[in-house]
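Once you've had a glance at the structure underneath, I'll fire off some questions.
The values are calculated or read from the model by the stated rules, or taken from the named source; none is laboratory data. Bear in mind that the values here come from a model prediction, so they are computed numbers and not experimental data. Note that each Cβ is placed from the backbone with ideal geometry, even for glycine, and that neighbours are counted across all protein chains shown. All accessible areas refer to the heavy atoms of the entire protein, side chains included, with ligands and DNA or RNA removed. Shrake-Rupley method; radii C 1.70, N 1.55, O 1.52, S 1.80 Å.
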Amino acid sequence: MSKAQTHGQLASAISTEVMIEVNKMNKWYGSFHVLKDIDLTVHKGERIVVCGPSGSGKSTLIRCINALEEHQEGDIIVDGIKLGKNLKNLDHIRTEVGMVFQNFNLFPHLTILENLTLGPIWVRKMAKADAIETAMMYLERVKIPEQANKYPGQMSGGQQQRVAIARSLCMGPKIMLFDEPTSALDPEMIKEVLDTMVDLAETGMTMIVVTHEMGFAKTIADEVIFMDEGDIVERNKPEEFFSHPEHERTQKFLSQIL
Amino acid sequence: MAIVKATKTPERPAPISETSILGWLQKNLFSSVFNSVLTLLTTYIIYLTISGVYVWGFVDATFVAETRRECYDNSLTGACWAGVIDWLDNIFYGRYPREELWRINFGGILLAFWMAPLWITRAKGKVLVGASVVAFYPFLAGYLFSGGDKGLFMQVMVSAAIVAFVINMANAIAGLLKQQSIAQFVISSLGQTNAADKSQRNLLIALVVVGFGVAYLWQSSWTVEFVSWTKWGGLFLTLVISGIGIASALPGGIILALGRRSKLPVLRVLSTGFIEIFRSVPLITVLFMATTMFPLFMPEGFVLNKLVQVIIAVVLFNACYMAETVRAGLQAIPKGQAEGAHTIGLGYWGTMGLIIMPQALKHMIPNIVGSFIGLLKDTTLVSIIGLFDILGMLRSISKDIPWLGLHKEPLIFGAILFFIICFAMSKYSRHLEVKLSAGDRH
């Protein structure tokens with residue numbers, strides 16, 4: 001049984017400080033309207049789980065928050081900085097917001113340790129020895145310090161994903177975004193990644209997680225968001241969300257997935 | 001009913017047909033009557049060819065003779081290698097003055113030493129070695145080969161090249177003997193500890209500056225005699241042209257490829273146009289354009305020598321081909337790599353230089369070396385516009401009075417030379433591929 005399922009609801013420490021604010025945000029891919037009038041406020045320490053059918057725009061939403069995708073209308077304000085064309089802001093945002101991808105996106109030509117120290121050394125201008133120390137600390141935390149000198153291709157999917165989480169943490173982000181982190185993993189490896197994420201949630205990190213792992217959502221989420229066709233259809237506390245889904249579309253989705 | 005297997009099935013050795021030589025022969029060469037006949041037939045054809053070549057090239061061949069007539073007197077059916085041997089210096093060096101040949105040999109040995117660390121697995125700082133060769137060696141070699149008066153620029157560059165060479169050698173030796181870089185070695189032998197410290201970095205820079213001064217004084221005391229480029233020729237000229245082509249095609253190709261993939265429309269259109277124009281024209285046309293048309297566009301009195309024009313043409317032509325190779329390599333890298341790099345805050349150049357390029361170049365090695373081999377062979381086209389490169393020299397043998405009409409042997413000798421060089425390049429590329437794919441085991 002996964003830690004995520006046995007743990008019970010985590011206590012959370014949400015402050016009133018706003019980390020992410022999205023106002024009336026719209027995005028199109030060509031003529032296709034992907035995100036429609038999205039409003040979203042995330043406070044410091046808050047943990048949000050986003051779910052919904054594929055093509056509903058949930059990945060696009062968090063990619064917009066990390067400025068990997070451009071939005072066309074409305075505002076996204078991350079840690080007090082408004083996203084826009086300003087490249088300097090962009091680089092700043094990306095160092096504050098960590099992101100974990102479905103396909104890990106580790107750098108296959110570098111060792112695990114080099115993957116982890118690259119950002120701190122080149123972007124944060126940290127001394128090499130300090131960067132290695134930080135990297136080893138986070139590798140301990142994701143429980144694979146002995147793999148430091150291997151290459152990503154020599155590790156299992158679950159291990160790679162934990163390295164990817166550690167790589168983001170090495171930059172000292174204030175917010176962590178997860179884009180379906182367990183979807184590309186074998187069932188046996190999902191648990192180890194979810195446990196790592198639960199550990200991270202316990203430290204009070206602000207997190208937005210796109211996932212279909214409902215057990216995980218019940219454990220760590222302060223709120224669950226359900227998206228469909230570019231709209232945020234429903235947003236609620238997890239216990240309410242799972243026991244009394246309001247919207248018909250949510251009910252249908254949950255009946256198929258649970 | 002449930003099935004539970006309590007014991008592991010033990011492993012057994014493979015059947016003899018999978019492991020023995022006889023098994024291999026049977027499976028691959030004599031698996032059916034038809035295949036057996038084919039095998040025997042092919043073996044017979046190979047035997048005929050090889051024995052024919054052996055008799056012509058060795059048994060009946062003449063190695064010592066004064067003229068082609070003497071070859072015939074000796075044997076009518078064998079090869080006349082005497083002509084090739086008589087012309088060997090011309091084939092390798094062209095009409096370069098015989099008493100100055102040491103300069104070419106010395107230049108070659110210098111290059112071999114400079115690049116030696118690239119072949120030694122344990123040596124560190126290979127990128128720096130490669131970069132310093134490309135940046136400085138051409139000036140040193142350029143002066144060594146052409147000689148004459150050194151202008152101030154040449155004096156500075158030659159001194160810089162000497163300093164770079166010495167540092168490289170010292171670095172390689174320190175690395176092999178002490179497992180340190182030369183900077184660490186100097187610092188630690190001066191009784192200090194930390195090479196990253198600012199005052200010590202200044203000390204190292206001071207040492208380099210002093211070294212430069214010494215090199216400058218030393219080089220200003222010697223000169224070598226002027227040799228006009230019109231006397232350059234043979235394999236030497238081929239290697240000069242293709243060497244410069246190879247060294248500059250890759251950097252040029254990377255710049256053009258990045259330009260073609262740029263988000264800035266002007267840069268993109270310019271790069272694309274440049275690449276497409278050069279790629280859609282045969283090299284020989286570009287060479288003719290460079291030597292006959294280009295001077296027409298230049299202001300009056302502006303005379304570039306033909307060799308420089310040819311080299312510029314070869315460089316541009318090959319940079320455009322290389323650009324397409326590089327672009328293909330860049331496109332093979334998944335988009336996720338750039339996104340991963342962005343999320344740890346790397347900008348455009350950081351992403352390109354640290355993440356995308358190293359991976360792309362690794363995938364491209366076979367194609368890059370393929371282009372290099374093509375470039376080396378393409379340079380023989382310069383013999384058409386009147387430079388006496390190796391092909392020009394080989395063909396001149398048949399016009400030399402004693403060896404009149406001797407075509408076959410020189411060209412076969414040339415083919416063997418090219419094969420040796422190209423095969424070595426191809427082997428080296430294979431070796432690089434294997435070495436660099438260490439992290440690629442998926």
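Mind checking the per residue accessible area of region B:18-59 for me, 1.4 Å probe, whole number of Å²?
Here the per-residue accessible area is 84 Å².
Moving to a separate point now. Using a Förster radius of 30 Å, what is the FRET efficiency between A:Met137 and B:Leu118 based on their Cβ-Cβ separation? Nearest 0.05, please.
0.25
Could you grab the Rg to Rh ratio for chain B? Cα atoms only, Kirkwood for Rh.
For chain B, the value is 1.05.
Quick one: ranking B:Ser262, A:Ser243 by accessible area, 1.4 Å probe, largest first, what do you get?
A:Ser243, B:Ser262
Angle between the Cα long axis of helix A:87-96 and the longest principal axis of chain A, 0 to 90 degrees, nearest 10?
Around 80 degrees separate the two axes.
Also, I was wondering about something else. Expressed in nm to one decimal, what extension gain is obtained for the pair B:Ile401 and B:Trp349 from 0.36 nm per residue of sequence separation less their Cα-Cα distance?
12.7 nm
Under 13 Å Cα to Cα from A:Lys24, which aspartates and glutamates show up? Leave out anything in the same chain fewer than 8 places away.
By straight Cα distance, A:Lys24 reaches A:Asp37, A:Asp39, A:Glu73, A:Asp75, A:Asp231.
Note down the nm distance, to one decimal, between modelled labels 7 Å out along Cα→Cβ at A:Ser15 and at B:Ser426.
6.6 nm
Could you tell me which residue out of B:Gly108, B:Tyr143, B:Ala131 lies farthest along the dipole of region B:99-226 toward its positive end? Charges go on the beta carbon: Lys and Arg +1, Asp and Glu -1, centred on the Cα centre.
B:Ala131
Work out, in µm²/s and without decimals, the Stokes-Einstein translational diffusion coefficient of the protein assembly as shown at 4 °C, 1.567 mPa s, Rh from Kirkwood over C-alpha pairs.
Translational diffusion coefficient: 41 µm²/s.
Something else: Sort all Cα-Cα distances of region B:26-88 into consecutive 10 angstrom bins from zero, then give the percent of pairs in each bin up to the one containing the longest distance.
P(r) over region B:26-88, rounded to whole percents: 22, 29, 17, 15, 14, 3.
Could you size up the charge dipole of the protein assembly as shown around its Cα centre, putting +1 on the beta carbon of Lys and Arg and -1 on that of Asp and Glu, and report it in debye to the nearest 20?
In debye, rounded to 20, the protein assembly as shown gives about 1240.
Something else: For chain B, modelled as a Gaussian network with Cα springs under 10 Å, which listed residue fluctuates most, B:Phe212, B:Phe30, B:Phe274?
Maximum fluctuation in the GNM of chain B, among the listed residues, is at B:Phe30.
Rounded to the nearest 10 Å², what accessible area does B:Val240 have for a 1.4 Å probe in the complete protein model?
Surface open to solvent at B:Val240 totals about 30 Å².
Give the distance, in whole Å, between the Cα centre of region B:261-300 and the Cα centre of region A:203-258.
Value for the Cα centre distance between the two parts: 59 Å.
Quick one: grab the alpha carbon gyration tensor of region B:18-59, order the square roots of its eigenvalues as a ≥ b ≥ c, and give me rounded if a/c is under 1.5, else prolate or oblate depending on whether a/b is larger than b/c.
In terms of gyration-tensor shape, oblate.
Which value, in debye to the nearest 20, gives the size of the charge dipole of region B:99-226 about its Cα centre, when Lys and Arg are +1 and Asp and Glu are -1 at the Cβ?
That gives region B:99-226 a dipole magnitude of about 620 debye.
Additional query: Which distance in Å, rounded to a whole number, links the C-alpha centroids of region B:127-192 and region B:330-400?
Each part's Cα centre sits 25 Å from the other's.
While we're here: In degrees from 0 to 90, rounded to the nearest 10, what is the angle of the helix A:157-170 Cα long axis to the longest principal axis of chain A?
The angle comes out at about 80 degrees.
Let me ask you something else. Only residues of region B:378-398 count here: report those whose backbone N is under 19 Å from the spot 7 Å along Cα→Cβ of B:Lys408, or say none.
Under 19 Å, as judged by backbone N against the label point of B:Lys408, lie B:394-398 of region B:378-398.
Taking the Cα centre of each part, how many Å lie between region B:1-64 and region B:408-427?
Region B:1-64 and region B:408-427 have Cα centres spaced 29 Å from each other.
Something else: Lone cysteines in chain B, going by a 4.7 Å Cβ-Cβ cut-off?
Among the cysteines of chain B, those whose Cβ sits 4.7 Å or more from every other are B:Cys320, B:Cys422.
Quote to one decimal, in nm, the extra length available between B:Trp218 and B:Ala14 on full extension: 0.36 nm per residue of separation minus the C-alpha distance between them.
Between B:Trp218 and B:Ala14, full extension yields 66.5 nm more.
Among the GluC sites (Glu not before Pro) within region A:173-258, which fall in a DSSP loop and have no more than 16 other Cβ atoms within 10 Å of their own Cβ?
Sparse-neighbourhood loop GluC sites (Glu not before Pro): A:Glu229, A:Glu246.
Taking the Cα-to-Cβ direction at B:Ile173 and at A:Lys252 and moving 7 Å from each Cα, how far apart do the two end points lie in nm?
Placing both labels 7 Å beyond Cα along the Cβ direction yields 8.0 nm.
Below 15 angstrom from the Cβ of B:Thr285, what's the summed charge of the other residues (Lys, Arg +1; Asp, Glu -1)?
For residues surrounding B:Thr285, the net value is -1.
Then there's this: From the square roots a ≥ b ≥ c of the eigenvalues of the alpha-carbon gyration tensor of region B:279-393, which class results: rounded (a/c under 1.5), prolate (a/b over b/c), or oblate?
Verdict is prolate for region B:279-393.
Find out how many positive minus negative residues lie around B:Thr238, taking Lys and Arg as positive, Asp and Glu as negative, among other residues whose Cβ is under 13 Å from that of B:Thr238.
Net of charged neighbours comes to -1.
So what is log10(I(q)/I(0)) for region A:116-164 at q = 0.24, 0.27, 0.29 1/Å, when the Debye sum runs over its Cα atoms only?
-0.89, -1.02, -1.09
With axes computed from alpha carbons, what is the tilt in degrees of helix A:112-122 against the longest principal axis of chain A, rounded to the nearest 10 within 0 to 90?
Around 80 degrees separate the two axes.
Something else now. Within region B:372-414, what residues put their amide N at less than 19 Å from the label point 7 Å along the Cα-to-Cβ vector of B:Tyr72?
Backbone N within reach: B:397-410.
Right, here's the next one. Which helices of chain B meet both criteria: a Cα extent of 20 Å or more along the helical axis and a mean Kyte-Doolittle score no lower than -1.0, with helices taken as whole DSSP H segments?
Sorted by number, the helices that extend far enough and score high enough are B:33-54, B:101-119, B:126-146, B:152-178, B:198-220, B:234-260, B:265-279, B:306-331, B:357-378, B:408-436.
For chain A, go through all pairs of different Cα atoms, get the mean of 1/r, take its inverse, and jot down that Kirkwood value in Å.
Evaluated over chain A, this radius sits at 18.8 Å.
Could you work out the Kirkwood radius for region B:41-140, taking every pair of different alpha carbons, averaging 1/r and inverting it, reported in Å?
About 17.9 Å for region B:41-140.
Can you list the trypsin sites (Lys or Arg not before Pro) in region A:83-150 that are in a DSSP coil and have 11 or fewer other beta carbons within 10 angstrom?
When the trypsin sites (Lys or Arg not before Pro) of region A:83-150 are filtered for loop state and at most 11 Cβ neighbours within 10 Å, A:Lys85, A:Lys125 remain.
I'd like the mean, over residues of A:98-109, of how many other protein chain beta carbons sit within 10 Å of each residue's own Cβ.
Per residue, the average neighbour count from other chains is 6.
Hey, another quick one. Please compute the modelled spin-label separation between A:Asn149 and B:Ile50, points set 7 Å along Cα→Cβ, answer in nm with one decimal.
Between B:Ile50 and A:Asn149, the label points sit 4.6 nm apart.
Let me ask something else. Return the ratio Rg/(2.2 N^0.38 Å) for region B:99-226, where Rg is computed over Cα atoms only.
It is 1.15.
Students sometimes get this wrong: rank A:Lys252, A:Lys174 by accessible area, probe 1.4 Å, all chains present, largest first.
A:Lys252, A:Lys174
In addition: Going by accessible area, probe 1.4 Å, with all protein chains left in place, what is the ranking of B:Thr77, A:Thr41, largest first?
B:Thr77, A:Thr41
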